[in-house]
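> Pasting a structure here, questions to come.
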Amino acid sequence: MKKIIITIDGWSSCGKSTLARGLAKELQYVYIDSGAMYRAITLFFLRHHIDWSDTHAVESHLADVSLEFHQNAHSEKSEMYLNGENVEYVIRDMVVAEKVSEVAALGPVRTFAVAQQRKMGTRKGIVMDGRDIGTTVFPSAELKIFMTADNAVRVERRFKELYAKNPNISIEEVKANLEMRDYIDSHREISPLRQAEDAVLLDNSYMTMEEQLVWAMKLVHERL
Ligand code: DC
């Protein structure tokens, strides 16, 4: 059976990972959350007090970063490991969210992450979500989806997710963080967030998960 590469890019908190995970399950493909890699690198830099305005320091410390995805046997979800430690939970923290766009804008960090992402796609049969997957990582992917949703809907979704972990969080804080990340992600010099010319746009503001999956599976069948 022919296997393809599916890329899902878009704004923060659009539900990219939910759709990507759903597609991967349906197709028995590998799902890769590329944002988790940038989050894990940010966590490493924060923990080791690395001054990321110093390109030299960034380059030399990246050599100490090992990133791997492992499947959680219980939840069947793939989880991010940083130097052998499961960091899937801690990388979703606000402390990391505050800094990840800055770190993800750094040239050496992108070169490091993109090289690993490309390797993961050599055998195809992969769904990868992020910001530059269809434009930079896999420019010749067979199916590219670009996701968007109303700002208020995105803030609400993200707030619910974070509130479950930390009831002290405010909706204003979540909104400010989303706006800041979207701004930095779409205005950075290297591989800014943008819709690839051959990507199909999906606005899922008022769609259920099932509707999105049906919509995307139709496109998959067209490309297979
Ligand atoms: O998808 P996410 O919110 O977990 O991504 C975290 C950050 O990483 C986001 O602010 C932008 C950055 N990112 C990126 O620059 N390129 C990617 N392919 C994926 C994420």
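> Among the listed residues 85, 98, identify the single one that is more than 14 Å from the chain's Cα centre (by Cα) and either crowded, with 16+ Cβ neighbours inside 10 Å or of a type in the set (A, V, I, L, M, F, W, C) (or both).
So the residue among 85, 98 that is more than 14 Å from the chain's Cα centre (by Cα) and either crowded, with 16+ Cβ neighbours inside 10 Å or of a type in the set (A, V, I, L, M, F, W, C) (or both) is 98.
> Still on this structure: Please tell me if residue 190 is of a type in the set (Val, Ile, Thr), near the ligand (Cβ under 10 Å from one of its atoms) and not in a helix (DSSP H, G or I).
Yes, satisfied.
> Also, quick follow-up: I need the strands (runs of 3 or more DSSP E) fully contained in the stretch 1-79, keeping only those with at least 1 residues that are hydroxyl-bearing (Ser, Thr, Tyr).
Of the strands (runs of 3 or more DSSP E) lying wholly inside the stretch 1-79, those with at least 1 residues that are hydroxyl-bearing (Ser, Thr, Tyr) span 5-10, 30-33.
> Separate question: Go through (1) in contact with a Leu (Cβ under 7 Å, 6 or more places away or on another chain); (2) at pLDDT below 95 and name the single condition residue 216 misses.
The one condition residue 216 does not meet is (2).
> On to the next question. Assess whether residue 122 counts as being within 16 Å of residue 34 (Cβ to Cβ) and open to solvent by 10 Å² or more (accessible area, probe 1.4 Å).
Yes; evaluated as a whole, the condition is true for this residue.
> Anything in the stretch 144-179 that is surrounded by 15 or more Cβ atoms within 10 Å (Cβ to Cβ) and part of a loop (DSSP other than H, G, I, E, B)? List them, or say none.
149, 169
> Out of the stretch 116-139, which residues are more than 17 Å from residue 30 (Cα to Cα) and either free of Cβ contacts under 8 Å to residues at least 40 places away in the same chain or within 9 Å of the ligand (Cβ to nearest atom) (or both)?
Answer for the stretch 116-139, where residues must be more than 17 Å from residue 30 (Cα to Cα) and either free of Cβ contacts under 8 Å to residues at least 40 places away in the same chain or within 9 Å of the ligand (Cβ to nearest atom) (or both): 131, 132, 136.
> How about the stretch 1-43: which of its residues are within 14 Å of the ligand (Cβ to nearest atom), over 22 Å from residue 198 (Cα atoms) and either open to solvent by less than 10 Å² (accessible area, probe 1.4 Å) or among the aliphatic types (A, V, I, L, M) (or both)?
Listed by number, the residues that qualify are 36, 37, 40, 41, 42, 43.
> Yes or no: residue 102 within 14 Å of the ligand (Cβ to nearest atom) and of a type outside the set (A, V, I, L, M)?
Considered against the rule, which asks whether it is within 14 Å of the ligand (Cβ to nearest atom) and of a type outside the set (A, V, I, L, M), residue 102 comes out as yes.
Quick grid of which residues meet (1) over 22 Å from residue 104 (Cα atoms); (2) under 18 Å from the mean Cα position of the chain (by Cα):
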| position | (1), (2) |
| --- | --- |
| 143 | yes, yes |
| 155 | no, yes |
| 162 | no, yes |
| 166 | yes, no |
| 222 | yes, no |
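The values are calculated or read from the model by the stated rules, or taken from the named source; none is laboratory data. Fair warning: this is a prediction, and the values are worked out from it, not measured in the lab. Note that we place each Cβ from the backbone using ideal geometry, even for glycine, and neighbour counts take in every protein chain shown. Heavy atoms of the whole protein, side chains included, go into the accessibility calculation; ligands, DNA and RNA do not. Shrake-Rupley method; radii C 1.70, N 1.55, O 1.52, S 1.80 Å.
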